[in-house]
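The structure under discussion appears below in the form of structure tokens.
What follows is calculated from the coordinates using simple rules that are stated; it is not laboratory data. No experiment lies behind these values; they were computed from the predicted model shown. Note that each Cβ is placed from the backbone with ideal geometry, even for glycine, and that neighbours are counted across all protein chains shown.
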Amino acid sequence: MKNTFDLLFRLVVAAILLQTLYFKFTAAPESVYIFQSLGAEPWGRIGSGVLELIVSGLLLWPRTVAIGAVGALGVISGALMAHLTKLGIEVQGDGGTLFYLALVVFAGSAVLAWLRRREIPVIGRWLA
């Protein structure tokens, strides 16, 4: 049962992160608007996309899930802070979709980090 939840959370988190890459890497107007609002266009858009790609790969590779989960928590925390401080919950009439997807990624990554806490480099042995 634990393995089923682990795989489900890995796939959901990676899928959400990977689907946003199209918008970031093609400079979709919504993505450009977000990063212009944050004063981080284009380097923030491309940089966060690269980080999300790396984290997704780590989540999908069984031996690196713990690192990917911690990385995803870091990446998505930045997105959540941007929503809560500058962007707002709703961005360009999306009904809060981006914010809610970020919450799903955060929750899923937190669950994965907890399930794989013993595998987290350096601190994992103290979390057992």
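Summary of values
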read-out: Number of the exception - Ala107 against (1) exposed (fewer than 13 other Cβ atoms within 10 Å of the Cβ); (2) under 23 Å from Arg10 (Cβ atoms); value: (1)
read-out: Hits in region 13-43 (condition: β-branched (Val, Ile, Thr) and surrounded by fewer than 18 Cβ atoms within 10 Å (Cβ to Cβ)); value: Thr26, Val32
read-out: Single match in Leu101, Leu60, Leu87 (criterion: under 16 Å from Lys24 (Cα atoms) and touching a residue at least 24 places away in the same chain (Cβ under 8 Å)); value: Leu101
